[in-house]
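Let me begin by presenting the structure, written as structure tokens, before commenting on it.
Read the figures in this text as sums done on the coordinates, not as results from a lab. This structure is a prediction, so every number in the text was calculated from the model and none was measured. Ideal geometry is used to build each Cβ from the backbone, glycine not excepted, and the neighbour counts take in all protein chains shown.
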Amino acid sequence: MVGMATADLVSRAQAGDGEAFRALTEPHRRELLVHCYRMLGSFQDAEDTLQDTLLSAWRGIGAFEGRASVRTWLYRIATNRCLDALRAASRRPAEPWDVTEIEPPAPSRLGEVAWLEPFPDDSLAGAAAAPPGPAARYEQTEAISLAFVTALQVLPARQVAVLILRDVLGYHAREVAALLDTTLESVTSALKRARAGLARSLGPAADRAPAPAAGSPAEQRLVRKFVRAYAASDVEGLVALLTDDIQLTMPPIPFEYHGRGDVARFYTALLRPGRSYDFVPTRANGQPALGAYVRAPNGVRHSIGVVVLTLAGDRIAAITRFDTGVLPSFGLPRSLPPRTVDPEGGSR
């Protein structure tokens, strides 16, 4: 199952050569990070679990017999470390509304998923170096989107593992059974339930117009319109950019606003005259994102988190606002000094 060059690296790693071990595992680091993120829904937890995976692999390299590829062996370890983490972790609870001077309107509903973080696009580079197997049903870009990852978090952990291994990575059912130390019948049953649960969670989103290409003029125009409307507290202009079934969420705050009417009520309460906003463009989950800052009277701009936009055609289908805890993952500071800001969204 392994070539001569890989076999040599394995032999050296088993003899205690750390550089050989790094040469074996480094090509798979980014895709394993994405795998852990899909399962856990948290970038920070994914980084921690990846480190646990590599440590377990180093400790267990002596038992590697080459019956499967190094990549598959690492996926086996990573998947089981994620399942361990999901069983053992006390998930972060929902948090209260955090803007004390503003009373939000009643939400459309309370969300099921409070534990969710965005994945910085800078960490996606090289993650899809190995093509998915023939059984894959999802494009890699779709399978890292916020909608997809959020939908996964509603499913039982074992179903999540089976669905990712089968429908995202493209492993055959017998391979998945071996990876999870279970039976073929168990994998088949879990996959059927996971597909049904995922379809329910994604709902009609699959019928939406496709998003503009990443970085395209169409995407940039829509983001600029959002920034201008938001910065000007122009609720009417902002709502005009939204799809009829727009969803606004803000984990770990459980409030969700669905539909233009409820989202308009929310932004009417939030975007008050006299509050000035600035934005720093970034990307998350293959989607446009913005570091959002509110200006204090002294001109210092204090972060209010990261906003990720889900686009559908020439409209915005979802807005997800994350709190300031995710800023370090994007290299964004908690505050910016007073300075001129480009009204199109960049700072200078």
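Listing for the model above:
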read-out: Zone of TRP115's modelled label, taken as backbone nitrogen in segment 137-170 under 16 Å from a point 7 Å along Cα→Cβ; value: 149-161
read-out: Net length gained if the chain between ALA7 and ARG260 were fully extended (0.36 nm per residue, minus Cα distance); value: 85.2 nm
read-out: Per residue, the convex hull volume that the Cα atoms of segment 65-142 enclose (Å³); value: 185
read-out: Share of Cα-Cα pairs in segment 1-93 lying beyond 20 Å, as whole percent; value: 35
read-out: Dimensionless Rg/Rh of the chain - Kirkwood Rh, Rg from C-alpha atoms; value: 1.01
read-out: Cβ-placed point charges (K, R +1; D, E -1), dipole of segment 39-155 about Cα centre in debye, nearest 20; value: 800
read-out: Calculated FRET efficiency for the pair ASP52/THR183, C-beta based, R₀ 35 Å, to 0.05; value: 0.85
read-out: Given charges at beta-carbon only (K, R positive; D, E negative), |dipole| of the chain in Debye; value: 160
read-out: Per-selection Kirkwood Rh - segment 217-336 (Cα, Å, 1 d.p.); value: 14.5
read-out: Fewest-first sequence of GLU101, GLU236 by Cβ atoms within 10 Å of each Cβ; value: GLU101, GLU236
read-out: Additional length obtainable on full extension of the chain from LEU83 to GLU26, 0.36 nm per residue less Cα span; value: 18.3 nm
read-out: Residue-span extension gain [ASP98 to LYS192] - 0.36 nm each, minus C-alpha spacing; value: 29.9 nm
